[in-house]
Amino acid sequence: MGQCGITSSKTVLVFLNLIFWAAAGILCYVGAYVFITYDDYDHFFEDVYTLIPAVTIIAVGGLLFIIGLIGCCATIRESRCGLITFVIILLLVFVTEVAVVVLGYIYRSKVEDEVNHSIQKVYNEYNGTNADASSRAIDYVQRQLHCCGIHTYSDWMNTRWFNEFQNNSVPVSCCKPNVSNCTGSLARPGDLYPEGCEALVVKKLKEIMMYVIWAALTFAAIQVQIQFHQPSFVQLMDVLFHHVTPPLPFPMV
């Protein structure tokens, strides 16, 4: 293949590296989103290993950025060593993406047990003050997910906060937003969210984990399509590997 084919192969590879940079940004965004969102619900699970898929996908994003950098430099400088490093990291990224999918499904299945184990303790620690982290977490979840109590609003009657105040009411975060002058009184149950928070928290956390799984699965599928089922990628790598000149050995002294 002539110089025109080599130039064309370089152009395609540089374009692929730009795609890898875009993918790196998307994966890092997904991982950061998971971290930020989980921070709002971290009182409802104790296993920090649940965040491993999010950490891993951010690492994959970092590797994809490095791939793009190495690929561009190796293509422009026609470096055989750089292209070999490029291919090796691509394979490493693919293996890591598969690991993220597997870990995501494993920890997704543990979310329900984690929440079931922790949520009763969190509700018992509620004291109604904004300075208390558990209280802020519960109020935030009840407002965001439109829920009240663990299974229903009557669960508040079994909490220490309810027994201490003895005012026959639940936190105002249980009030529906379209109800005015709601005080959380159990005498007006129509003003309160009827659904409990446990099932909704589990659902939310599972949805967040699915973002990680789908992101990793999507880019793994794209890599398979490009690397193994796209003849142009194989051909351009073959052209570049046969065109570049291997580095000269160090001169003997």
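The values are calculated or read from the model by the stated rules, or taken from the named source; none is laboratory data. The structure presented is a predicted model; accordingly, all values stated were derived computationally and were not measured. A quick note on method: Cβ atoms are made from the backbone with ideal geometry, for glycine too, and the neighbour counts reach across all protein chains shown. Surface accessibility is based on the protein's heavy atoms, side chains included, excluding ligands, DNA and RNA. Shrake-Rupley method; radii C 1.70, N 1.55, O 1.52, S 1.80 Å.
Of all the residues that make up segment 104-119, how many are surrounded by fewer than 19 Cβ atoms within 10 Å (Cβ to Cβ) and closer than 17 Å to L217 by Cβ?
Residues flagged as surrounded by fewer than 19 Cβ atoms within 10 Å (Cβ to Cβ) and closer than 17 Å to L217 by Cβ within segment 104-119 amount to 3.
Restricting to segment 167-176, name every residue that is modelled with pLDDT of 90 or more and in a loop (DSSP other than H, G, I, E, B).
V170, P171, K176
Checking P251 against (1) at pLDDT 90 or above; (2) surrounded by fewer than 16 Cβ atoms within 10 Å (Cβ to Cβ); (3) outside any helix (DSSP H, G or I): exactly one of these is not met. Which one?
(1)
Do we have E207 as of a type outside the set (V, I, T) and under 30 Å from E97 (Cα atoms) here?
yes
Can you list residue pairs whose Cβ atoms sit under 6 Å apart, with the first residue in segment 187-207 being on the phi > 0 side of the Ramachandran plot and the second being open to solvent by 50 Å² or more (accessible area, probe 1.4 Å) and in a helix (DSSP H, G or I)? Count only pairs 6 or more apart in sequence or on different chains.
Every condition considered, no pair remains.
Any residue in segment 158-185 that is touching a residue at least 24 places away in the same chain (Cβ under 8 Å) sitting within a Cβ distance under 8 Å of a residue that is among the basic types (K, R)? List the pairs, counting only those 6 or more apart or interchain.
Within 8 Å, the pairs are S173/R143.
On the basis of being under 30 Å from L217 (Cβ atoms) and modelled with pLDDT of 80 or more, does V101 make the cut?
In short, yes.
Does at least one position in segment 182-192 carry a residue that is open to solvent by 70 Å² or more (accessible area, probe 1.4 Å), polar (S, T, N, Q) and not in a helix (DSSP H, G or I)?
yes
Can you tell me which residue within segment 120-135, out of those that are touching a His at 6+ places or on another chain (Cβ under 9 Å) and surrounded by 14 or more Cβ atoms within 10 Å (Cβ to Cβ), is modelled with the lowest pLDDT?
My answer is S134.
Of the residues I213, I222, which single one is part of a helix (DSSP H, G or I), closer than 26 Å to T96 by Cβ and at pLDDT below 85?
Among I213, I222, only I222 is part of a helix (DSSP H, G or I), closer than 26 Å to T96 by Cβ and at pLDDT below 85.
Among the numbered conditions (1) open to solvent by less than 30 Å² (accessible area, probe 1.4 Å); (2) more than 27 Å from the chain's Cα centre (by Cα), tell me where C147 comes up short.
So C147 meets the others, but not (2).
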